[in-house]
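Have a look at the structure below before the remarks.
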Amino acid sequence: MIAIAIACEPKLVIADEPTTALDVTIQAQILDLLRGLKDKLETSIVLISHDLGVIASMCSRVFIMYGGRVVESGLVDEIFYEASHPYAWGLLGSIPEPGEGRRRKLVPIPGSPPDLMAPPAGCAFAARCAKAMRVCAREQPPVTRLSATHRAECWLLDPRVAKRPSAEEAGL
Ligand code: SF4
C-alpha cells in the first residue's frame, strides 16, 4: 500500500491508521519508512490515528477531532502539555504509564459518540463531558485562540462563561 501511495511521488500522503493491528516491531519499521519518505521526497503526511504515542513521535501539528469537528489544534507540545479541551484531557488520561510507583487505573471516556445523522445542537461532546454546562447542550462553543498556533472549541475557555480550569483541576 505504501509503495502504491508513493509511486507518483505525491506532495501529500494521507495515512489513515497506518499502524493499526501491527506488532510494535513492524509498527516501528512502518513509521521509519514514513519518516524516510517525508525527508527524501519532501512529502507532507497527514497521519490519522488514535495512537497518541505514534502521534507524539511523528507529528509536528496535531488536530483533535470529535463529532466531525476539529475541537482542538496546536503544535504537538501544546497538545500534549497544554491541552485545553475536555476530550483531549480524556484522550491523554487514557494513556498507560508504565513503571514502578506510577500504577494507576486508566480513565475511560464514558458514553458513546453522537449520532451524526442527528447531530446535537451544541457541543457534540456534551453528553460525555464531566465539565458540561447548560450552554454546552444549547450552543456550539466558539473557537478560542490560546496562542498563535493553538486553538480550542470549548465553553470553558470563553470568558463570558467561566474561568478556565488549571491542568491540575482538570485532573492532568
Ligand atoms: S463545550 Fe462544554 S460540553 Fe463541550 S467540551 Fe467544553 S465544557 Fe465540555
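We did not get these values from a lab; they are worked out from the coordinates using the rules stated. This structure is a prediction, so every number in the text was calculated from the model and none was measured. Neighbour counts are summed over all protein chains in view; Cβ atoms, including those assigned to glycine, are modelled from backbone coordinates with ideal geometry.
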Using a cut-off of 14 Å between beta-carbons, work out the net charge of the residues near H50 (Lys and Arg +1, Asp and Glu -1, H50 not included). -3
For L92, L22, L156, order by how many other beta-carbon atoms lie within 10 Å, fewest first: L22, L92, L156
What's the angle, to the nearest 10 degrees (0 to 90), between helix 24-41's Cα axis and the longest principal axis of the chain? 80
Residue among P86, P18, P96 with the largest mean-square fluctuation in a Gaussian network model of the chain, springs linking Cα atoms under 10 Å: P96
Can you count the Lys pairs in the chain with C-alpha separation below 24 Å, eight or more apart or on different chains? 4
Quick calc, I4 & L52: beta-carbon distance into FRET formula, R0 25 Å, rounding 0.05, result 0.35
Listing Y66, Y81 from the residue with the fewest other Cβ atoms within 10 Å to the one with the most, what is the order? Y81, Y66
Can you give the FRET efficiency for D23 and S44, using 1/(1 + (r/R0)^6), R0 = 25 Å, r = Cβ-Cβ distance, to the nearest 0.05? 0.35
Relative to the compact-globule scaling 2.2 N^0.38 Å, provide the ratio for the alpha-carbon radius of gyration of the chain. 1.16
Mind jotting down the distance between the C-alpha centroids of the range 80-157 and the range 29-72, whole Å? 20
For the chain, what is the percent of antiparallel DSSP beta bridges, rounded to the nearest 5? 70
Take every Cα pair under 8 Å in the range 1-76 that's 6+ residues apart, average their separations, divide by the length, and report that relative contact order as a whole percent. 27
